[in-house]
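Student: Dropping the structure in here first, questions after.
The values are calculated or read from the model by the stated rules, or taken from the named source; none is laboratory data. Treat the numbers as computed from the prediction; the structure is a model and nothing was measured. Neighbour counts are summed over all protein chains in view; Cβ atoms, including those assigned to glycine, are modelled from backbone coordinates with ideal geometry. Side chains are part of the model used for accessible areas, which takes the heavy atoms of the whole protein and leaves out ligands, DNA and RNA. Shrake-Rupley method; radii C 1.70, N 1.55, O 1.52, S 1.80 Å.
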Amino acid sequence: MNLLNIIVLIVYLFILTLLGYLGFTQTKTSQDYPLAGRKTHPLVMALSYGATFISTSAIVGFGGLAANLGMGLLWLTFFNVFIGIFIAFTVFGKRTRKIGHTLDAHTFPELIGKRFDSKFIQGYAALLIFICMPIYSAAVIKGGANFIQTYFGISYYVSMLFFVAIVAIYVWMGGMKGVMYTDAFQGGIMFLAMIVLLFAAYSQLGGVSSAHQQLTDLYAQPDVQTSLMKSIQSGFQGWTSMPKSGSPIWWSMVSTIVMGVGIGALAQPQLIVRFMTVKSNKELNRAVLSGGIFILAMTGIAFVVGALANVLLYKSTGSIAITAAGGVNDNIIPLFIKTYLPGWFSSVFLISMLAAAMSTISSQFHTMGTAAGRDLYEKTFGKTGNTMFVTRIGILVVIIMSTALAWFSNGLPVAEGIIAKFTTIFFELTTAAFLPMYVGALYFRTLPKAAAKASMIAGSAAWFVWTFFVHGNAA
């Protein structure tokens with residue numbers, strides 16, 4: 001690590017600590033820790049929402065997946081912006097904010113629990129979050145650790161423990177205020193870094209038209225066709241074309257990735273709770289534009305650069321991206337950054353990747369902690385007092401669970417592309433278990449409690465069966 005990297009890293013960590021401490025000093029009431037007092041500025045909320053939405057799982061994991069599947073993955077960007085921002089904020093966000101304020105709900109499980117007057121619904125939702133969200137957290141941890149490992153050539157495990165420890169400190173200290181302050185700061189860094197990344201990729205390939213033409217032509221190279229034989233047999237038709245309709249890769253891209261993750265964004269507990277941190281619909285309306293631009297830049301650029309990495313790496317190594325990265329999807333984006341990013345910007349981009357990981361994982365830890373303290377301990381089991389202490393203990397527990405999962409998943413035979421896989425698995429769970437009931441809670445006033453319970457149980461059961469017993473992997 002050179003001197004510039006050290007200086008930038010120290011400044012970055014100092015600012016995070018300062019923002020975490022600021023959140024700590026302003027966390028004084030029962031609403032402050034889970035909801036930031038319901039007075040969040042719309043730009044802060046939008047950046048926090050976006051930074052939580054987009055992590056190293058999107059940039060490293062799905063960016064690496066785009067290097068294999070091609071620019072057809074940009075349909076996920078469209079879904080992320082249209083459904084994950086526009087529909088989420090205007091259709092779901094306003095109703096969520098209104099009902100959340102009316103019911104004085106502090107968390108997503110509490111929102112649906114109070115809406116249906118059911119401790120079981122609140123407790124079951126909280127338990128699903130507490131037990132299953134570590135799968136998603138592990139993906140984010142692994143993405144950050146893979147980037148640091150590839151960039152600096154140091155141990156994956158040392159890298160992982162380093163940034164998990166940093167996140168744990170400011171989430172523990174500052175609650176939702178600390179999380180949202182640091183998320184907004186990190187989101188700004190991520191946005192600027194991705195713009196520079198896009199410019200660097202296109203400039204080295206002679207501009208947009210030239211870059212896309214070279215990517216199209218690369219597919220026709222005989223040696224490339226040979227290396228892609230298995231993918232071609234599964235429906236791959238080049239990085240600038242959609243897979244063959246109805247093929248295994250088409251189904252994997254469209255049903256599992258684009259629809260599973262794109263629609264699943266609507267039912268993410270760590271995102272939904274942000275709608276309840278603003279005081280009026282005006283703030284949500286103002287946040288749509290900035291949130292949409294942010295998500296467009298984050299996912300769109302990651303997917304484009306992931307695909308274009310094939311051309312640049314082929315020119316310098318004679319191999320397409322997946323081969324140059326040792327057969328591991330999750331190493332492609334870190335390898336591209338290390339090899340092609342301007343040297344003067346490498347330190348800043350290192351920080352942006354840490355920001356992407358830390359902003360998402362901090363919100364996940366906070367969501368899982370409040371599920372333990374607020375939803376299970378206080379509301380489901382009816383305990384009084386020590387809620388904040390139990391929440392913080394819950395955060396420590398899920399940090400250990402997530403870190404252990406990321407630790408032991410590394411190096412397993414299934415580890416290739418595991419970041420995208422883990423992310424998709426959790427998004428599909430929340431879609432199946434929460435989304436139908438969430439829609440009913442917002443828009444069907446007479447929906448019976450029994451129907452809501454049945455929807456959540458049946459959805460989570462169906463997810464379990466399809467995930468673990470009916471599984472195909474064409475990507």
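Student: Can you name the condition, by its number, that Ile399 falls short on among (1) closer than 30 Å to Ala193 by Cβ; (2) modelled with pLDDT under 85?
Tutor: (2)
Student: Still on this model: Does Ile293 count as surrounded by 20 or more Cβ atoms within 10 Å (Cβ to Cβ) and assigned to a helix (DSSP H, G or I)?
Tutor: No: the conditions fail for Ile293.
Student: Taking into account only those residues within segment 152-175 that are at pLDDT below 75 and open to solvent by less than 30 Å² (accessible area, probe 1.4 Å), which is farthest from Thr391 (Cα to Cα)?
Tutor: Out of the qualifying residues, it is Phe163.
Student: Identify all residues within segment 313-335 that are open to solvent by 10 Å² or more (accessible area, probe 1.4 Å), part of a helix (DSSP H, G or I) and among the β-branched types (Val, Ile, Thr); write none if there are none.
Tutor: Result: Thr317, Ile322, Thr323.
Student: Which of the numbered conditions does Ala125 fail, given that it passes all the others? Conditions: (1) within 17 Å of the chain's Cα centre (by Cα); (2) hydrophobic (A, V, I, L, M, F, W, C); (3) surrounded by 24 or more Cβ atoms within 10 Å (Cβ to Cβ).
Tutor: Condition (1) is where Ala125 drops out.
Student: What is the one condition in (1) part of a helix (DSSP H, G or I); (2) more than 16 Å from Gln204 (Cα to Cα) that Gly306 does not satisfy?
Tutor: (2)
Student: Within segment 441-451, identify whether any single residue is under 22 Å from Leu111 (Cα atoms), assigned to a helix (DSSP H, G or I), open to solvent by less than 30 Å² (accessible area, probe 1.4 Å) and among the aromatic types (Phe, Trp, Tyr), and answer yes or no.
Tutor: Going residue by residue through segment 441-451, those that are under 22 Å from Leu111 (Cα atoms) are 441-451.
When the remaining residues are screened for being assigned to a helix (DSSP H, G or I), the result is 441-443, 449-451.
When the remaining residues are screened for being open to solvent by less than 30 Å² (accessible area, probe 1.4 Å), the result is 441-442.
From what's left, among the aromatic types (Phe, Trp, Tyr): none.
No, that holds for no residue.
Student: Are there any pairs with C-beta distances below 6 angstrom linking a residue in segment 300-326 that is in contact (Cβ under 8 Å) with a residue 40 or more places away in the chain to a residue that is crowded, with 24+ Cβ neighbours inside 10 Å and aromatic (Phe, Trp, Tyr), with the two at least 6 apart or on different chains, and if so which?
Tutor: Ala307/Trp239; Ala309/Phe336
Student: Can I ask one more? Give the residue, chosen from Met276, Met253, that is of a type in the set (A, V, I, L, M), surrounded by 24 or more Cβ atoms within 10 Å (Cβ to Cβ) and modelled with pLDDT of 90 or more. Let's see the steps before the verdict.
Tutor: Values: Met276 fails: modelled with pLDDT of 90 or more.
The unique qualifying residue is Met253.
Student: Filter segment 55-92 for residues that are within 19 Å of Ala307 (Cβ to Cβ) and of a type in the set (Phe, Trp, Tyr); which is most open to solvent (accessible area, probe 1.4 Å)?
Tutor: Here the answer is Trp75.
Student: Tell me, which helices (runs of 4 or more DSSP H) lie completely within segment 180-280 with 2 or more residues that are within 27 Å of Leu128 (Cα to Cα)?
Tutor: Here the list reads 260-264, 269-275.
Student: Now a separate question. Going residue by residue through segment 304-312, is there one that turns out to be open to solvent by 10 Å² or more (accessible area, probe 1.4 Å), at pLDDT 90 or above and within 20 Å of the chain's Cα centre (by Cα)?
Tutor: Yes, that holds for at least one residue.
Student: Filter segment 371-401 for residues that are of a type in the set (Val, Ile, Thr) and within 22 Å of Ile121 (Cα to Cα); which is surrounded by the fewest Cβ atoms within 10 Å (Cβ to Cβ)?
Tutor: If we take residues in segment 371-401 being of a type in the set (Val, Ile, Thr) and within 22 Å of Ile121 (Cα to Cα), then Thr384 is surrounded by the fewest Cβ atoms within 10 Å (Cβ to Cβ).
Student: Of everything in segment 110-122, what is surrounded by fewer than 24 Cβ atoms within 10 Å (Cβ to Cβ), assigned to a helix (DSSP H, G or I) and charged (D, E, K, R)? Give them in sequence order. So that I can check it myself, show each step before the final result.
Tutor: Taking segment 110-122 first, the residues surrounded by fewer than 24 Cβ atoms within 10 Å (Cβ to Cβ) are 114, 116-120.
Add one more test, that the residue is assigned to a helix (DSSP H, G or I), and what stays is 114, 119-120.
Result: Lys114, Lys119.
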